[in-house]
Amino acid sequence: MVIVILNILFAALGCYIVISRVNPKVKELVYHTMENKQVSEAFIYLLDVFVIVVTAILALGFLSKIPSSVIPYLTSVGAVFTVIEMLFDYIKWILVVLIGVFAFKFLRRK
């Protein structure tokens, strides 16, 4: 029980560190590459949502190891996150295309 709680706390701490420390640096990099504030903010927003959903999936996985009467509720919430996780395959391809566009613009500028 204590290990499950510690796993959830460390996952939440990692999520906080990524959102508060890493994503602003990525935003700065994207802004200098694209020179468009709205695009960089939208990109970081997608990354924030991705990090939060992955952290929630991890937390639900940790909570499902605890035997209790709330397991049916966790599985129903887990189904929602599974659907969102399935959309990440499409979002990954969108991000790959955006990175390709960034690289093409950057190389064309030089």
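The values are calculated or read from the model by the stated rules, or taken from the named source; none is laboratory data. In this text the structure is predicted, and so the values were computed from the model without any measurement. Counting neighbours? That spans all protein chains shown, and the Cβs are built from the backbone with ideal geometry, glycine included.
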Report yes if some residue within region 83-92 is surrounded by 13 or more Cβ atoms within 10 Å (Cβ to Cβ), of a type outside the set (K, R) and within 24 Å of I5 (Cα to Cα); otherwise report no.
-> yes
Boolean, D89 is among the charged types (D, E, K, R), modelled with pLDDT of 80 or more, out of contact with any Phe, Trp or Tyr (no Cβ under 7 Å at 6 or more places or on another chain) and within 24 Å of K25 (Cβ to Cβ) | no
Condition check for P67: part of a loop (DSSP other than H, G, I, E, B), more than 16 Å from the chain's Cα centre (by Cα), farther than 27 Å from R109 by Cα and at pLDDT below 85 | yes
Extreme residue, nearest to K27 (Cα to Cα), among residues of region 92-110 that are among the charged types (D, E, K, R) and at pLDDT 80 or above | K92
Pairs with Cβ under 6 Å, 6+ apart, first in region 44-55 and of a type in the set (A, V, I, L, M, F, W, C), second in a helix (DSSP H, G or I) and modelled with pLDDT under 90 = I44/K27; V53/I84
Could you give every pair whose Cβ atoms fall below 6 Å, whose first residue belongs to region 9-33 and is within 30 Å of R108 (Cβ to Cβ), and whose second residue is assigned to a helix (DSSP H, G or I) and of a type in the set (A, V, I, L, M), counting only separations of at least 6 or pairs across chains?
-> N23/I44; N23/L47; K27/I44
Inspect region 36-58 for any residue being surrounded by 15 or more Cβ atoms within 10 Å (Cβ to Cβ), in contact with a Gly (Cβ under 8 Å, 6 or more places away or on another chain) and either assigned to a helix (DSSP H, G or I) or acidic (D, E) (or both) and give the result as yes or no.
-> yes
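The rows are residues; the columns are (1) touching a residue at least 12 places away in the same chain (Cβ under 8 Å); (2) more than 16 Å from F43 (Cβ to Cβ).
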| site | (1), (2) |
| --- | --- |
| L58 | yes, yes |
| S64 | yes, yes |
| V70 | no, yes |
| S76 | no, yes |
| A79 | no, yes |
| I84 | yes, yes |
| D89 | no, yes |
| W93 | no, no |
| L98 | yes, no |
